[in-house]
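S.K.: Could you have a look at this structure, given as structure tokens, before my questions?
Bear in mind that the values in this text are calculations on the coordinates, not laboratory data. Here the structure is a predicted model, which means the values were calculated and not measured. We place every Cβ from the backbone using ideal geometry, glycine too, and count neighbours over all the protein chains shown.
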Amino acid sequence: MTMEIMSSPRLDQGTPEVLRGNILAYFKNSWDVYEDLFEVMSSDESYFTRADPLRHPIIFYLGHTATFFINKMVLAKVISKRVDSRFESIFAIGVDEMSWDDLNECNYEWPTVAEVWEYRKKVRAVVEKCIEQLELNVPVKWEDPFWVIMMGIEHERIHLETSSVLMRQLPLDQVKENENWPVCPDSGEAPTNSMEEVKAGTIIEGQPVHHPYFAWDNEFGVNKTDVKDFKASKFLVSNEEFYEFIKADGYKTEKFWTEEGWAWRNYTQAEQPTFWVKTATGDLNLRCMTKEIPIPWDWPAEVNYLEAKAFCNWKSEATGKPIRLPTEAEWHAMLQGSSLADQKNWEGNNANINLKSYASSCPVNKNGQGNLFDVVGNVWQWTETPISGFSGFRVHPLYDDFSTPTFDSKHNIFKGGSWISTGNEASPFSRYAFRRHFFQHAGFRYVETETEVDIRIDVYETDDLVSQYCEFHFGEEYYKVPNFPKATADLCINLMKGRSAKRALDLGCATGRSTFELAKCFDKVTGIDFSARFIRVGHEIQQTGKIRYALPHEGELLTYHERFLSDFDLDETVEKVEFWQGDAHNLKEQFSNFDLVMASNLIDRLYNPARFLTHITERINPGGLLVLFSPYTWLEEFTPKENWLGGIKIDGENVTTLEGLSAALKVDFNSVGEPLEVPFVIRETGRKFQHTMSQMTVWEKKH
């Protein structure tokens, strides 16, 4: 690359005017490099070809990064006037397979290329004026207006790379060679890979709040991982090494693939990496961004995660050794042992990154960095780790869909950067992830270790009902009404004074707050709910000590929340609870011998409550308590009317649920005390709440 590529500036040094000048220069450099990339397009027509059916045509990306600046600055109230409201709508969203992405071309009437270039000129002028005139304080923090400017710049640097991938997927006649984007001329015999020892220990990831550089929200927080010693391949997997997998019928052998990978392979009918091209004579070429070259066997194989994983499974079987992809923490262990550990932007000469050398990969044995090659640069390296937030993660309010939509266990992290990674991407703390079937300038190296990968589903819960109950259990108190799950558990604990308190059953436990609360008193508490969605949340909280969820606030707007068991002094109870999915009418035999059974807002949601009462009687120890909470909102949606315990007329006389319960339980139970009204409030949106009274009744099983 003949154009100088600036590194992301520090945001905590210098006078305001010096820093302002640095940010302005960084903006101009980013803008110029991004626009220069589009010089490889061969014609206006090529802008409207969809290189990938899961992405928009290139014209979208030409407009998208400029639109991002305007939309975010309007949102941040940095500017009040739009440049072009139509452009700032059609170019706003559409870069991944998310539910809000509209990739249906029937819904778009794209502007001309000339119109988009003219729009970019106008946006550039607006941004430069803002940089020159906005108040700037040192250091720049993420709530400052200049953080929004940096967000726009780094966002454009991301799309410098993603746009280059799409250009690489276009038909060859729709791009042209350009001297600013040269292909590496070096190629030779691929080196034989070997395994190198990596000494690890405790890996600490994440950035402090006052980190001196711009960082995306998922990079903040703290994550500590104890990594055991392992071996890592000396080189990235070369084209030649990957070819051995192909010759071994790797693409035709299901056992090497994950279920997801085999489904992708069958759908695409893939037989080789997507950038490999078979010629008419049967030879193999490699598609670079603007040209095809005879395949360089010593360059890294560029594949998606699914292909990399299949290779590792094949390699493991072929060698008889535990081979897999590294985790994110293991990659950091490799970096820690490399010669680049202390570099913040990897500006040395021994890494193919930051567009310093070529617009392509280069041989895998070119850039040594300690005992390993290409820990940083050349191509991104897939890891086994799905992306999620570190402890302390916060969503940036001006870009709330940057990270959280990828916290779905479907986006895997890759590390190290590629030849075109610049700015934040070219930094050791960067955290980017793509869907496992997507293509980037990405390859992989493998590790040998007996340590199994612990993959956790760590997402922001967006299921409306589940999120509602996460807030109901672990969220705020509204209208001075005490937290209902805690209140019910406390009432039960008070009832146990002077009684045996070994085992308790929390039926209809939902997301589990009352289960944990009961464990303050009982030796063992079992939480059971019919909903697997609720139980999954309970398991997650028990395993991680936290829960993340998104709540509807207003229309499409969401608020994001993170709660910790330690916030409620419940972190010491995790060893005393267990969660199971189950039907209250037909519990497994193991669920018995309870000193307390609490059924919270359950009785009027059962299809046969009388059968439940008969069934649960067998599970309670003599002298044990059955505590029922219910608002008695009988609905035929849940319970056939003939099965209602009350709220009905029999022989013309009113029968209340309390009377129905007394009739059903009188043989085996004695009533304890008087019924008690317990209020609760459920938040539906930011301005809509349910305020309900649940009646508590207590029944002691006869001896």
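S.K.: Considering amide H positions built from the backbone, and no H for Pro or chain starts, which residues 5 or more places from Arg324, or on another chain, come under 5 Å of its amide H?
M.R.: Val447, Thr449
S.K.: Can you give me the distance in nm between label points at Phe429 and Lys121, each placed 7 Å from the Cα along the Cα-to-Cβ direction?
M.R.: 3.9 nm
S.K.: Okay, moving on. From Cα pairs below 8 angstrom and at least 6 apart in sequence, can you work out the relative contact order of region 532-670, rounded to a whole percent? All intermediate terms of the calculation are to be shown ahead of the outcome.
M.R.: Values: 156 pairs, mean separation 23.5, N = 139.
Once divided by the residue count of region 532-670, the mean separation gives 17 percent.
S.K.: For region 142-203, I need the span (max minus min coordinate) of the C-alpha atoms along each principal axis, in Å, sorted largest to smallest.
M.R.: Sorted from largest, the Cα extents of region 142-203 read 51, 50, 19 Å.
S.K.: Of all the C-alpha pairs in region 345-435, what % are more than 19 Å from each other? Could you put the intermediate results ahead of the total?
M.R.: Values: 1859 of 4095 pairs.
Above the 19 Å cut-off, region 345-435 has 45 percent of its Cα pairs.
S.K.: Roughly what would the spin-label model give for Ala25 and Asn178, points 7 Å off Cα along C-beta, in nm?
M.R.: 2.4 nm
S.K.: Right, something else. Please compute the length gained on full extension between Asp44 and Glu197, using 0.36 nm multiplied by the number of residues separating them and subtracting their Cα-Cα distance. Intermediate results must be reported in sequence, preceding the final value.
M.R.: Details: separation 153, 0.36 × 153 = 55.08 nm, distance 5.16 nm.
In short, 49.9 nm is gained.
S.K.: As I understand it, the dipole of the chain uses +1 on the Cβ of Lys and Arg and -1 on the Cβ of Asp and Glu, about the Cα centre. Which of Ala433, Val209, Phe414 lies farthest toward its positive end?
M.R.: Looking along the dipole axis, the top candidate is Val209.
S.K.: So for Ser418, Ser388, fewest C-beta neighbours within 10 Å to most, what's the order?
M.R.: Values: Ser418 30, Ser388 25.
Listed from fewest to most nearby Cβ atoms, that is Ser388, Ser418.
S.K.: Whose amide H sits under 5 Å from the amide H of Val678, counting only residues 5 or more places off or on another chain, with H placed in the peptide plane?
M.R.: Distant-sequence amide H within range of Val678: Ser694, Gln695, Met696.
S.K.: What is the extension gain from Ile650 to Glu260, computed as 0.36 nm multiplied by their sequence separation minus the C-alpha to C-alpha distance, in nm to one decimal? Intermediate values should be presented prior to the final figure.
M.R.: Working: separation 390, 0.36 × 390 = 140.40 nm, distance 5.69 nm.
The span from Ile650 to Glu260 would gain 134.7 nm if fully extended.
S.K.: Give me Rg/Rg_expected for region 395-436, where Rg uses Cα atoms only and Rg_expected = 2.2 N^0.38 Å with N residues. Numbers along the way, then the final one.
M.R.: Numbers: Rg = 11.5 Å, N = 42, 2.2 N^0.38 = 9.1 Å.
So region 395-436 has a normalised radius of gyration of 1.26.
S.K.: Please work out whether region 475-701 counts as rounded, prolate or oblate from its C-alpha gyration tensor, where a ≥ b ≥ c are the square roots of the eigenvalues and a/c under 1.5 means rounded, while otherwise a/b larger than b/c means prolate and anything else oblate? Working shown, then result.
M.R.: On the way: a/c = 1.76, a/b = 1.23, b/c = 1.43.
It comes out oblate by the Cα gyration axes.
S.K.: May I have the pair-distance distribution P(r) for the chain, computed from all Cα-Cα distances with 10 Å bins from 0 and rounded to whole percent?
M.R.: Computed distribution, short to long bins: 3, 13, 21, 20, 16, 13, 9, 4, 1, 0.
S.K.: For region 16-174, just the Cα set please: Rg and Dmax, both in angstrom.
M.R.: 16.1, 49
S.K.: How high is the FRET efficiency between Thr15 and Leu491 when r is their beta carbon distance and R₀ equals 60 Å, given to the nearest 0.05?
M.R.: On the way: r = 62 Å, r/R0 = 1.03.
After rounding, the FRET efficiency stands at 0.45.
S.K.: Tell me, what is the FRET efficiency for Glu589 and Ser671 to the nearest 0.05, using R0 = 35 angstrom and their Cβ-Cβ distance as r?
M.R.: Working: r = 28 Å, r/R0 = 0.81.
Step by step, r from the Cβ atoms, then E = 0.80.
S.K.: Shifting gears a bit: Determine the dipole magnitude for the chain: charges of +1 sit on the beta-carbon of Lys and Arg, -1 on that of Asp and Glu, nothing else is charged, the reference point is the Cα centre, and the result goes in debye to the nearest 20. Can you show the working numbers first?
M.R.: On the way: 73 positive and 106 negative charges, 206 e Å.
Here the size comes out at about 980 debye.
S.K.: Still on this structure, I have one more. Using a 7 Å offset from the Cα along the Cα-to-Cβ direction at both Ala248 and Gln690, what is the distance between the two label points in nm, to one decimal?
M.R.: Taking the two extended label points, one gets 5.6 nm.
S.K.: Translational D (Stokes-Einstein, µm²/s) of region 368-527 at 37 °C and 0.692 mPa s when Rh comes from the Kirkwood sum over C-alpha pairs?
M.R.: On the way: Rh = 19.8 Å.
Roughly 166 µm²/s, to the nearest whole number.
S.K.: Pairing the Cα long axis of helix 16-37 with the longest principal axis of the chain, what angle in degrees results, from 0 to 90 and rounded to the nearest 10?
M.R.: It works out to around 70 degrees.
S.K.: At q = 0.21 Å⁻¹, what is the base-10 log of I(q)/I(0) for region 144-288 according to the Debye formula with one equal point scatterer per Cα and no solvent? Please give it to two decimals.
M.R.: So the normalised log intensities work out to -1.25.
S.K.: With all distinct Cα pairs included, what does the Kirkwood hydrodynamic radius of region 195-448 come out to in Å, to one decimal, could you say?
M.R.: Working: mean 1/r = 0.0535 Å⁻¹.
About 18.7 Å, per the Kirkwood formula over Cα pairs.
S.K.: Rounding to the nearest 10 and keeping the result within 0 to 90°, find how far the Cα-based axis of helix 259-268 lies from the longest principal axis of the chain.
M.R.: So the inclination is approximately 50 degrees.
S.K.: Shifting gears a bit: Between helix 464-474 and the chain, what is the angle of the helix's C-alpha long axis to the longest principal axis, kept within 0 to 90° and rounded to the nearest 10?
M.R.: 70 degrees
S.K.: Can you give the extra length, in nm with one decimal, that the chain gains between Thr268 and Gln133 once fully stretched, where that is 0.36 nm per residue apart less the Cα-Cα distance? Before the final figure, lay out each step's value.
M.R.: On the way: separation 135, 0.36 × 135 = 48.60 nm, distance 5.16 nm.
Working it through step by step, the gained length comes to 43.4 nm.
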